[in-house]
Each structure stands twice: as C-alpha cells, then as structure tokens.
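One structure is given below, encoded as structure tokens.
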Amino acid sequence: MGKLIAATGNQAVAQAMRQIDPHVVAAYPITPQTDVVEEFAAFVADGVVATEFVPVESEHSSMSTVIGASAAGVRAMTATSSQGLALMWEMLYIAAGLRLPIVMPVANRALSAPINIHGDQSDTMGARDSGWIQLYCKNQQEAYDTLIQAIRIAEHDSVRLPVMVCYDGFIVSHSLAGMELLEDDQVKAFIGKHKALHPLLDTKNPVTYGPLALFDYYFEFRRQLVEGMARAANVIEEVAEEYARLSGRYYGRYEKYNMDDAEIGVLVLGSAASTAEVVVDELRAQGVKAGLLRLRSFRPFPKAELARELSHLKALCVLDRADSPGALGGPVGVEVRSALLESAKRPAVINGIFGLGGRDTTVDLITTVYHRLMKIVDTGTVDEPLFYLGVRGGNNNGRELEAAIPQARATR
C-alpha cells in the first residue's frame with residue numbers, strides 16, 4: 001500500500017515528476033497547466049529533486065530546450081496546454097523526428113479564438129500527426145500512474161518516441177480527489193536509470209542531430225518513425241501489465257465497461273467516461289444493454305482491437321471533445337469509422353461533438369446519446385450521422401434538447 005493523499009490532477013502529475021526526478025525540466029506557465037510547473041519548481045527550489053529547472057520565455061523555447069537536453073543524453077520533461085502546445089508545434093515534429101523520449105503532461109484546453117481557458121481536447125488532437133504517442137486519462141490517479149509509465153514507454157529501445165499524457169483541463173487538473181502515491185523507491189526502481197542512446201555529447205562516438213535530409217533519405221526517416229509508433233502498441237501493454245503488478249492498477253490501450261453483451265455503445269476519451277459510466281449503470285438497471293468503451297491510446301490507434309470490440313454492437317456513438325471543421329466528423333469519429341470499415345459485421349455509427357470550451361456534459365446529455373442509439377436500433381435509420389451535443393442553435397438545436405432531456409430524466 002502506498003501513501004493515500006487528496007490531490008488535484010496537476011498536483012498528482014507534479015508528484016509523479018518529483019518521483020521521476022528528471023535531469024532537465026524546461027517549462028512556461030499556461031492555464032490550466034501552471035500548477036504543475038509551480039509545484040515542481042518548488043520541489044527544485046527546496047532541493048527535493050536534483051533537476052535542472054529552466055524557466056524559459058515561451059513554450060516554443062521550452063520544447064527547444066528539452067529537445068537539446070534529450071539529444072545531449074539526459075531524461076527531459078516539460079508540460080503545457082492549449083496555445084502553449086500550439087506555440088511549440090514546429091518543435092513537436094522535431095522531437096518526434098529525432099526520436100527523443102521526452103515526456104510531456106498536457107492539461108487539455110480549448111484553442112482560441114475566442115479566448116477560452118477551459119477543457120476540451122482540441123489542442124492535443126491538433127497534434128495527432130506529429131509523431132508523439134498520446135495517452136488520455138480519466139482522472140487524477142490515472143494521470144499520475146500514466147506519467148510514470150510514459151517514461152518506460154518513451155525510453156523503450158524499440159520505441160524511442162516522445163509521449164503526451166493528456167488529462168482534461170479543470171475537470172481533472174483542478175478538481176480534488178483521493179489517490180494513492182507509490183513509494184519513491186518503487187517509482188525509481190520501475191522507471192530504472194536513464195539510458196542515453198547516441199548522446200550528442202559523446203565525443204568519442206560523434207553523431208549528427210538535425211541533418212538535412214532531402215528526397216534521397218527523408219522518406220525512410222519518416223517510415224522508421226511509423227514503425228516505432230507501431231511497436232509502441234505492445235510496449236504500452238507490457239508496461240501496463242508490469243505496473244499493474246506493482247500498483248494493482250491496470251491501464252491498457254482502452255477500457256471496456258459493460259461492453260461484452262452490449263447492443264448499443266459509446267466510445268469516448270478522458271473524464272467524460274466517468275459520467276457515461278453512470279448512464280450505463282442506469283440504463284442497465286432498466287434492462288437496456290448499454291456499454292461504454294474508453295479509448296486511452298489515441299496514438300498509436302488500436303484499429304484492429306476496436307474493430308473486434310465494437311463489431312457486435314447494433315449502434316455506436318463516438319463522442320469527440322474536439323471538432324474537425326470540414327471533415328466527416330471529429331478526429332476520433334473519423335478514425336473509428338475507418339477502423340470498422342473492413343469489418344464484415346459493424347454497427348451503425350454516429351458521431352457527437354461535445355464539451356467544447358469546457359461546456360458541461362451532464363448525465364442527462366449523455367442519456368440523450370443512448371436514446372439516439374436506441375432509436376437507430378428501433379428504426380434502422382440514421383438521421384444525423386454527425387451532431388453537436390448540448391450546443392445552442394443550429395444542428396441539434398435548443399428545442400430538440402429541451403424535448404430530449406425531460407425524456408431522459410423520465411427513464412431514470
């Protein structure tokens with residue numbers, strides 16, 4: 001048994017960073033991530049960790065700094081949110097392209113404009129093709145546990161890719177919850193000593209970082225990155241199993257909730273899964289075979305596994321906390337549809353955009369999603385393959401919500 005504490009998501013992440021004790025952390029504050037940087041900076045100032053903390057002038061500089069540190073041969077971390085992640089966009093691709101095992105917690109927050117400081121997943125979804133592994137967490141405990149595992153995943157010899165540990169801004173980052181910390185020596189033993197691979201400062205074995213690679217070599221570099229991402233799938237599972245033996249908590253690439261015999265189901269990332277679980281329990285009590293699949297690993301995307309787990313459903317709704325204007329749905333919805341395309345048997349699929357800018361997503365609202373699925377099963381017809389859950393005006397307007405929510409309450 002570890003130490004039981006009450007902590008916000010940001011405090012939980014800072015505690016994990018303290019136990020990891022990276023060699024270099026470079027960061028710039030941005031809401032709602034700022035508490036991570038502040039708390040960790042206090043650990044540095046008090047001599048609790050031996051980390052070299054670099055307070056930089058921007059997020060672009062923070063990623064540039066940890067790229068240099070990682071290339072030099074040390075364990076390096078940073079943290080950010082929203083516009084900060086967007087500002088380091090250029091450097092995200094460089095970190096992945098150089099195969100540097102940087103780990104970065106991201107407190108998910110909406111992107112401007114208009115300015116919004118609350119949580120949705122637009123920021124990390126925008127970086128989905130940068131070559132970073134992306135793991136999405138449901139709560140404070142999971143954010144802590146996943147950050148520790150991320151070190152092992154990133155530094156694995158067959159992976160060597162940077163990792164984002166994503167958790168919903170304010171909903172997880174600032175809310176207080178009970179959680180368990182492992183003992184410091186347990187974390188140290190689990191992550192092991194950092195092993196530098198081709199460090200830039202090894203003058204006896206000179207290497208080049210950031211070379212010019214034109215049409216004769218660039219393609220091969222990118223292909224190797226793809227292969228590293230593919231190998232990460234098994235590594236995530238292996239590390240999860242080892243961590244479960246240590247902590248009693250298992251986190252695979254996805255998590256099922258009442259899915260095995262479900263006829264209708266919802267797929268979602270992040271904290272909204274906790275709300276959806278309540279709805280599933282209520283519907284199950286009424287005899288409705290409802291289920292939930294929470295996706296943890298968006299990159300690498302578990303295409304074959306999702307096709308297997310979802311194909312028996314009659315109807316499925318993918319909920320996206322990010323939009324992709326002009327596309328056929330949200331980022332997760334498009335990929336889930338693609339994963340199911342080659343299945344001989346597949347459910348009717350709808351895609352709901354929800355919670356943008358931190359819009360509250362209640363039990364009532366998610367209940368209406370399951371009612372949409374029940375209607376599809378009853379009628380055999382999909383009226384709205386893409387809808388906006390809880391938005392005022394336009395598609396799925398206020399009048400429809402006013403009618404649907406009382407109906408949902410009446411069934412509870």
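The magnitude of the dipole of the stretch 256-410, with charges of +1 and -1 set on the Cβ of Lys/Arg and Asp/Glu and taken from the Cα centre, is near 240 debye. Per-residue extension of 0.36 nm, minus the Cα-Cα distance of L246 and S274, leaves a gain of 7.6 nm for this segment. Taking a 25 Å limit on the Cα-Cα distance, which of the listed pairs K188/K256; K138/K289; K3/K138; K256/K375; K138/K195; K188/K303 fall beyond it? Too far apart for the 25 Å limit: K188/K256; K138/K195; K188/K303.
Take every DSSP beta bridge whose two residues both sit in the stretch 3-247; close to 25 percent of them are antiparallel. Over the stretch 55-205, the fraction of Cα-Cα pairs per 10 Å bin, rounded to whole percents and listed from the shortest bin up, is 11, 39, 35, 13, 2, 0.
Rg and Dmax of the stretch 28-109, based on Cα coordinates, read 12.2, 36 Å. Across the stretch 216-331, Cα-Cα distances exceeding 16 Å account for 68% of all pairs. Ranking of S81, S130 by neighbouring Cβ atoms within 10 Å, starting from the fewest: S130, S81.
Each Lys and Arg contributes +1 and each Asp and Glu -1, all at the Cβ; summed about the Cα centre of the chain, the dipole is approximately 700 debye. Across the stretch 158-167, coupling constants 3J(HN,Hα) worked out from phi with the 6.51/-1.76/1.60 Karplus curve, θ = phi - 60°, read 8, 10, 6, 9, x, 10, 9, 10, 9, 8 Hz, and Gly and Pro carry x. Farthest towards the positive end of the charge dipole of the stretch 3-247, among the residues G126, Y218, A79, is the Cα of Y218, using unit charges on the Cβ of Lys, Arg, Asp and Glu. A helix-only calculation puts the chain at -13000 deg cm²/dmol for mean residue ellipticity at 222 nm, using -39500 (n - 2.57) for each DSSP H run of at least four residues, averaged over all residues. In the stretch 18-78, a dipole from Cβ-located charges (positive for Lys and Arg, negative for Asp and Glu) runs towards its positive end, and of T65, I30, F40 it is T65 whose Cα lies farthest in that direction. Note: relative contact order over the chain, using C-alpha pairs below 8 Å and six or more positions apart, is 15 percent. The phi-based Karplus calculation (6.51 cos²θ - 1.76 cosθ + 1.60; θ = phi - 60°) puts the 3J(HN,Hα) values of the stretch 325-341 at x, x, 8, 8, x, x, x, 6, x, 4, 6, 5, 4, 5, 5, 8, 4 Hz, whole numbers, x for Gly and Pro. Structural size metrics of the chain, computed from C-alpha coordinates, are Rg and Dmax of 21.5, 73 Å.
Of all aspartates and glutamates in the structure, those lying under 13 Å Cα to Cα from K193, and not within fewer than 8 positions of it along the same chain, are D21, E155, D185.
Packing order of peptides 338-346, 202-210, highest average first: 338-346, 202-210 (average count of other Cβ atoms within 10 Å over each peptide's residues).
Taking all Cα pairs closer than 8 Å and separated by 6 or more residues, the relative contact order of the stretch 132-178 comes to 50 percent. Karplus-based coupling profile of the stretch 7-23, in residue order and whole Hz: 8, 6, x, 5, 5, 4, 5, 4, 5, 4, 5, 4, 6, 5, 6, x, 5, with θ = phi - 60° in 6.51 cos²θ - 1.76 cosθ + 1.60 and x standing for Gly or Pro.
Using a cut-off of under 12 Å, list every residue of the stretch 235-260 whose amide N is near the label point 7 Å from the Cα of S343 along the Cα-to-beta-carbon line. Residues passing the 12 Å test: 260. Along the axis of the charge dipole computed for the stretch 256-410 (Cβ charges of +1 for Lys and Arg, -1 for Asp and Glu, origin at the Cα centre), the listed residues A348, P302, A262 are led at the positive end by P302.
Residues whose amide H falls under 5 Å from that of A177, counting only those 5 or more places apart or on a different chain, are A7, T8, with hydrogens built in the peptide plane. Is the stretch 116-182 rounded, prolate or oblate when judged by the Cα gyration tensor, a ≥ b ≥ c being the square roots of its eigenvalues, rounded requiring a/c under 1.5 and prolate requiring a/b larger than b/c? Oblate shape, in that a/c is at least 1.5 and b/c is the bigger or equal ratio.
Its Cα centre serving as origin, the stretch 3-247 has a Cβ charge dipole (Lys and Arg +1, Asp and Glu -1) of approximately 420 debye. The listed peptides 386-392, 106-112, ordered by packing as a protection proxy, come out as 106-112, 386-392 (highest mean of other Cβ atoms within 10 Å first).
Both radii come from the Cα set of the stretch 256-410: Rg as radius of gyration, Rh as Kirkwood radius; their ratio Rg/Rh reads 0.93. The relative contact order of the stretch 48-139 comes to 25 percent, based on Cα pairs under 8 Å that sit 6 or more residues apart.
All of the numbers you see were taken from the coordinates with simple rules; none came from a lab. Worth saying up front: this structure is predicted, and the values here are computed from it rather than measured. Neighbour counts are summed over all protein chains in view; Cβ atoms, including those assigned to glycine, are modelled from backbone coordinates with ideal geometry.
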